[in-house]
Amino acid sequence: MDINKSEFVISSPTWTMCPKDVKPEYAFIGRSNVGKSSLINMLCNHKNLAKTSATPGKTLLINHFIINNEWYLVDLPGYGYAKRSKVVQKKLEQMITSYILQREQLVNVFVLIDIRHGFQAIDREFIDWLGQSNVPFSIVFTKADKLAVTKVSPAVEGYMASLADTWEELPPYFITSSDKKTGRDEVLDYIDSINKT
Ligand code: GTP
Ligand code: MG
């Protein structure tokens, strides 16, 4: 599958304000600065569709992008950014969790993990919560260009093995670099495959 058309639709402060039409959607979540917005731009072959920044905490709303007029990619704010005030942090958490639990159109959540750091405690917490809530998710290891090529597979195998202590069945995972534009076909083909099921 390829993306021929991608357009920004709306930024919403709550899930109740998200687009009303019923089209399948796929959301990207992960720690601040992990590369969610960059990955959406890479998938869409579009430099500035989603706003990116070297400073964590750039994305603060639920952002819908319509793809091929048929489905949505959704850019979410990052979790776990220590420099935010407790009040803002709490508000964002609530925005993210209620969107994930309530949004019926949501087909899959992609949880992004920086390939240099693997799963941090907050990522494990988030993934465990997704599992307990029966939300389908998969993992995307980002910024693969930051590791030497020979270190990529051993690192990822180690990270996935570390999930096996609490997970009987491991989620699908992908390795991407938005800088080098790698992993694009794998993620898009996966979206295509679950779109049809
Ligand atoms: P928040 O919206 O703040 O939560 O961040 P985000 O997860 O959307 O991250 P964003 O896409 O804004 O990227 C954060 C920084 O990481 C930017 O400086 C990007 O250029 C950089 N970055 C993102 N993806 C990659 C990648 O694949 N490789 C490299 N080298 N840098 C990347
Ligand atoms: Mg962002």
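The values are calculated or read from the model by the stated rules, or taken from the named source; none is laboratory data. What you are looking at is a predicted structure, and each value in this text was computed from that prediction instead of being measured. Virtual Cβ from ideal backbone geometry, glycine too; neighbours counted across all protein chains shown.
Here LEU49 fulfils each of the conditions (1) exposed (fewer than 13 other Cβ atoms within 10 Å of the Cβ); (2) under 27 Å from VAL152 (Cβ atoms) apart from (1).
For region 183-190, the criterion of being over 17 Å from VAL107 (Cα atoms) and buried (at least 16 other Cβ atoms within 10 Å of the Cβ) is met by at least one residue.
The residues of region 9-48 that are away from ligand 1 (no atom under 16 Å from the Cβ) and out of contact with any helix residue (DSSP H, G or I) (no Cβ under 7 Å at 6 or more places or on another chain), listed by number, are VAL9, ILE10, THR16, MET17, CYS18, PRO19, LYS20, ASP21, VAL22, LYS23, GLU25. For the condition over 26 Å from GLN102 (Cα atoms), touching a residue at least 40 places away in the same chain (Cβ under 8 Å) and surrounded by fewer than 20 Cβ atoms within 10 Å (Cβ to Cβ), ASN69 does not qualify. The single residue among SER85, SER38, SER11 that is over 18 Å from ARG184 (Cβ atoms), of a type in the set (Gly, Ala, Ser) and modelled with pLDDT of 90 or more turns out to be SER11.
Among the conditions (1) near ligand 2 (Cβ under 10 Å from one of its atoms); (2) under 20 Å from MET1 (Cα atoms), the only one that ASN33 does not satisfy is (2). Checked against the criterion of being within 12 Å of ligand 1 (Cβ to nearest atom) and within 18 Å of MET17 (Cβ to Cβ), region 94-117 has at least one qualifying residue.
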